[in-house]
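Colleague: Can you read through this structure? Questions will come right after.
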Amino acid sequence: MGNRAILVVDIDGTTADSSERVRGICERFAGVGSDWWGDQQINEFLSDAGIASDKPMRGARRLSRIAQRMGVDIIFLTGRSERGRRATTLWIWDNLDIEVGLPPHMCLRKGKAVIPLYMRDDDDYRPGFLAKAEVLAREILPLHKGRTLVFLDDDPKCLEAYSVFGVALRSPHCWRALWSGYKEKKAK
């Protein structure tokens, strides 16, 4: 790890395209209000089947390989709550070829890159940018003092909060810019 830069990567709208799932939930609960989700909507959003149905965002599949070539580490920071950890971990493993979910001090490489996955508490219903900023300040920043942080997120409020700690890039637009110049060698 050392002084390598760190990519702090969001999941929904950044590596995972959950837009179809969100649209379906909003349609089913149309009378509740589009800005508020209760337990029923959150449980449906975090269901194993729902998360498994997400497609990776274009460019996200190469995250681990390109980050390794660029000499940067990866941390996942999501607005999803802990109740979605198992399904999220499996989705990242299956779609991005990255092993996640262990606290940083327990990450051991076993064939696949092992990456920390930070999630909000189950009882935290604040807006994502507030929950993520707190996790960042409480858990990530103290472990990585002095390291360059690059944040990839699709939420402008998150990006604004992150900009005081490092470089903030809006996804999915950032994928093409990040990966240009890092062409992968084709297997012969």
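Colleague: Could you check Ala177 against (1) modelled with pLDDT under 80; (2) closer than 12 Å to Val8 by Cα and say which number it fails?
Modeller: For Ala177, the failing item is (2).
Colleague: I've got another one for you. Scanning for something among the small types (Gly, Ala, Ser), in contact with a Lys or Arg (Cβ under 9 Å, 6 or more places away or on another chain) and at pLDDT below 85, does the stretch 26-45 turn up at least one residue?
Modeller: Within the stretch 26-45 (the criterion being among the small types (Gly, Ala, Ser), in contact with a Lys or Arg (Cβ under 9 Å, 6 or more places away or on another chain) and at pLDDT below 85), the answer is no, since none of the residues qualifies.
Colleague: Pairs needed: first member in the stretch 54-69, more than 15 Å from Leu90 (Cα to Cα); second member anywhere, charged (D, E, K, R); C-beta distance under 6 Å; at least 6 residues apart or different chains.
Modeller: Qualifying pairs under 6 Å: Met57/Asp17; Ser64/Asp97.
Colleague: Would you mention how many residues in the stretch 41-88 are in a strand (DSSP E or B) and touching a Leu at 6+ places or on another chain (Cβ under 8 Å)?
Modeller: 9
The values are calculated or read from the model by the stated rules, or taken from the named source; none is laboratory data. Source: prediction; values computed, not measured. Cβ atoms come from the backbone with ideal geometry, glycine included; neighbour counts cover every protein chain shown.
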